[in-house]
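The values are calculated or read from the model by the stated rules, or taken from the named source; none is laboratory data. Computed from a predicted structure; not experimentally measured. Reconstructed Cβ throughout: ideal geometry from the backbone, glycine too, with neighbour counts over all protein chains shown. What goes into the accessible areas is simple: the full protein's heavy atoms, side chains included, and nothing from ligands, DNA or RNA. Shrake-Rupley method; radii C 1.70, N 1.55, O 1.52, S 1.80 Å.
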Amino acid sequence: MAASGGGPGADWLPPRSPGGPVVRTVEMHAGGEPLRVVLPGGLPGLEPPGGGELPLLALRRRLLTSPELDALRRLLMHEPRGHRDMYGALLVRGGQEEEEDAGALFVHNEGASSMCGHAVLCLARLALDYGLRRPPPAAAEEEEVPVTIRCPCGPVVAFASWDGQRSGSRVRFHSVPAFADATDLTVDVPGYGKVVVDIAYGGAFYAFLSAEKLGLDVCSSKLRDLVDAASAVTEAVKAQYTVCHPHIKDVSFLYGTILTDGKDAFSDEPTSNICVFADAQVDRSPTGSGVTARIALQYHKGLIQLGQTRTFRSSTTGSLFTGKAVKESKSGDHNAVIVEVSGESFYTGTSAFTLEENDPLKYGFLLK
């Protein structure tokens with residue numbers, strides 16, 4: 001509706017294709033890593049007709065195989081509306097029987113992930129502020145509210161602060177069982193030679209190694225050199241080693257490589273890393289699922305104990321997450337741990353995206 005005088009009002013939308021999608025989003029970030037959130041029912045074709053439930057892994061498979069849904073993913077993630085490092089969360093209604101507040105599909109430049117920690121830090125706040133999770137009555141003091149979010153890797157419980165009116169920026173979550181999958185694995189990386197890596201799972205599988213093994217410094221080397229090296233390691237590991245989750249076939253893929261400063265032994269000082277995932281996409285945050293996997297790896301190696309908090313720094317933005325193993329668990333034959341990750345998340349705005357049918361770039365593009 002136009003405002004008086006012909007100017008655009010709050011609900012005004014630009015000329016667009018008749019019957020074309022209008023996708024409204026909430027924009028957030030945690031540790032500098034963006035999150036473009038589509039609320040439940042906001043993406044045409046994602047949820048079953050009639051509002052029925054469909055298992056989240058089946059929805060993820062539909063997203064990855066449907067040309068129509070993939071076009072909407074690209075519309076939201078790729079240029080000109082996004083960029084090659086944009087990240088998103090497509091929310092679906094939570095399962096009533098399991099008391100889940102929301103389900104989330106995580107999307108990026110290449111497809112869809114199995115877990116995203118920085119997104120969980122954001123979504124816990126959004127669930128309270130947008131009514132997906134009914135907050136408690138107004139309290140005299142700020143309190144934490146548990147928010148259960150079903151991710152493709154399983155349900156994750158987050159704890160968001162609430163002052164009776166709105167959420168606070170500080171959030172923490174408890175992971176799915178995380179474990180070391182392989183340690184001291186030698187892989188032949190073209191251009192870099194034989195290097196030794198570790199593989200660990202924190203809702204997604206990552207390869208870990210010190211950047212120094214590749215002749216780089218995670219804090220001072222050029223970003224392009226770090227991205228190229230991490231991408232080469234990812235492709236080499238995929239070709240020479242097969243990851244396998246003991247229970248969930250759909251998450252049995254290597255998501256990316258995390259280059260570290262090599263400071264894995266317990267210390268009060270922050271340890272830095274950079275995560276390169278999907279199609280050479282760079283995480284601006286310390287990476288929530290990566291922190292989860294790295295804590296599991298350090299615990300497996302006896303470098304940290306239960307309850308010891310480590311601080312992780314993003315080498316790209318300097319943002320900080322903390323992580324600690326809170327209890328032992330099992331995942332198939334793997335000795336696993338539940339990891340608590342803490343960080344801050346923030347709102348940056350809202351958007352409404354449309355398209356014009358005669359736009360040759362309406363579903364986006366990527367520059368490499």
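A few remarks follow.
- Hey, residue 225 in a loop (DSSP other than H, G, I, E, B), open to solvent by 50 Å² or more (accessible area, probe 1.4 Å), out of contact with any strand residue (DSSP E or B) (no Cβ under 9 Å at 6 or more places or on another chain) and not polar (S, T, N, Q) or not: no
- Every residue from the stretch 255-296 that is open to solvent by 10 Å² or more (accessible area, probe 1.4 Å) and over 12 Å from the mean Cα position of the chain (by Cα): 261, 262, 263, 264, 265, 266, 267, 268, 269, 270, 279, 280
- Residue that is nearest to residue 34 (Cα to Cα) [pool: residues in the stretch 317-362 that are among the β-branched types (Val, Ile, Thr) and open to solvent by 30 Å² or more (accessible area, probe 1.4 Å)]: 348
- Set 288, 262: member being farther than 21 Å from residue 154 by Cβ and either at pLDDT 95 or above or touching a helix residue (DSSP H, G or I) at 6+ places or on another chain (Cβ under 6 Å) (or both): 262
- All positions within the stretch 171-215 that are in a strand (DSSP E or B), over 16 Å from the mean Cα position of the chain (by Cα) and hydroxyl-bearing (Ser, Thr, Tyr): 183, 186, 210
- Checking each residue in the stretch 29-49 for being touching a Pro at 6+ places or on another chain (Cβ under 8 Å) and either more than 18 Å from residue 69 (Cα to Cα) or surrounded by fewer than 18 Cβ atoms within 10 Å (Cβ to Cβ) (or both) picks out 31, 44.
- Applying the condition of being open to solvent by 10 Å² or more (accessible area, probe 1.4 Å), closer than 16 Å to residue 76 by Cβ and not hydrophobic (A, V, I, L, M, F, W, C) to the stretch 18-28 and asking which residue is modelled with the lowest pLDDT yields 20.
- Among (1) at pLDDT below 95; (2) under 23 Å from residue 118 (Cβ atoms), the one test that residue 169 misses: (1)
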